[in-house]
Amino acid sequence: FLLSQFLVYYSKFLGIVKEGIPFVTHQNQEFYEDIYDACKKKNAPLFLTDKDKLANVVTSFTESHFDYDSLKNCVLNLPGKHQIENAMLAIEIIKHLPGYNISDEIIKKGLAKTFWPGRLEIISNNPIIFIDGAHNPDGIMRLTEFIKTVKENHHVRLIFAVSSNKDKGEMLKIIEPVVDEIIFTHFGYKRSENEENLILFSNHPHRKIVHNLEEIILEVKNDQNSINFFCGSLFFISEVRKYFMEK
């Protein structure tokens, strides 16, 4: 089933190659030949990001710093190395826009102003609270990679709610090893998975159910020593974000 899903997704991905239109993507040794062939058939110039051009990467809770090719001292107000990968792709796209000549300084200013609500968004500094809309295994993998970079000696608490049609078991399998505690809850939409069902997918030794969002937030706020991540659904993190914005 997963293989068939992947093949459908991959065929759609190659389907976005358009006749004569430049195609920009990341380096991918496994699928390069397929991508190259699709571009060749459509006479679409192929451009790839180059990891060898990436240098001086520094990430923190709130931002990322890096050099890429001729762009030095780039600042991205989005944490996580995956956001740097997204920025690399955007830079290559801008540099290959037909008929445009956009300076490095303008590109850097654009990167510095980039803001993505709900994607590793820090909504409290004391205690540290992130919201992230990761709602599938790939998104959870990216979140897990970020947690690894900032965890150090911190206690990490995950507050997890998810839609019933998502791959809950796989998501939890990925992220459970890097967190110290998990709270399972729900959000106010009909697609929300019941927390009593959701906890059955978990093998974490420190897991529990808390039904009320305000009770969870009160617990989180009273613990100044933990890093907290609300994730699992865009519906869920929108509720959390609204709560903090209104307070």
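Per residue, the accessible area of segment 100-247 comes to 52 Å² when a 1.4 Å probe rolls over the protein heavy atoms.
Please report the relative contact order for segment 121-177, taking Cα pairs under 8 Å with a sequence separation of at least 6, and give it as a percent rounded to a whole number. Let's see the in-between values first.
Values: 33 pairs, mean separation 20.3, N = 57.
Value for segment 121-177: 36 percent.
Where both partners of a DSSP beta bridge lie in the chain, what percent of those bridges are antiparallel, to the nearest 5? The answer is about 40 percent antiparallel. A DSSP coil position with no more than 13 other Cβ atoms inside 10 Å describes none of the trypsin sites (Lys or Arg not before Pro) in segment 61-145.
Accessible surface of HIS96, taken over heavy atoms with a 1.4 Å probe and every protein chain present, rounds to 60 Å². Helix 81-95 axis versus longest C-alpha principal axis of the chain: approximately 30°, rounded to the nearest ten.
Taking the accessible area of the chain, probe 1.4 Å, and keeping the other protein chains in place, the carbon and sulfur fraction comes to 53%. The charge dipole of the chain, taken about its Cα centre with unit charges on the Cβ atoms of Lys, Arg (+1), Asp and Glu (-1) only, comes to about 500 debye. Among MET171, MET245, the sequence by solvent-accessible area, most first, with a 1.4 Å probe is MET245, MET171. Largest accessible area first, the residues ASP138, ASP104 order themselves as ASP138, ASP104 under a 1.4 Å probe with ligands, DNA and RNA left out. Here is the list for segment 82-166: chymotrypsin sites (Phe, Trp or Tyr not before Pro) lying in DSSP coil, each with at most 13 other C-beta atoms within 10 angstrom of its C-beta, are TYR100, PHE115. Rounded to the nearest 5, what is the percent of antiparallel bridges among the DSSP beta bridges in segment 146-247? Approximately 5 percent, going by the DSSP bridge assignments. Using a probe of 1.4 Å on the protein chains alone, the accessible area found for CYS74 is around 0 Å².
Among all the lysines, which ones have a C-alpha under 21 Å from LYS108's C-alpha, if same-chain residues fewer than 8 places away are not counted? Excluding near neighbours in sequence, the set is LYS51, LYS53, LYS72, LYS81, LYS95.
The values are calculated or read from the model by the stated rules, or taken from the named source; none is laboratory data. Just so it is clear, the structure is predicted and the values come from calculations on it, not from any experiment. Counting neighbours? That spans all protein chains shown, and the Cβs are built from the backbone with ideal geometry, glycine included. Accessible surface areas use protein heavy atoms only, side chains included; no ligands, DNA or RNA. Shrake-Rupley method; radii C 1.70, N 1.55, O 1.52, S 1.80 Å.
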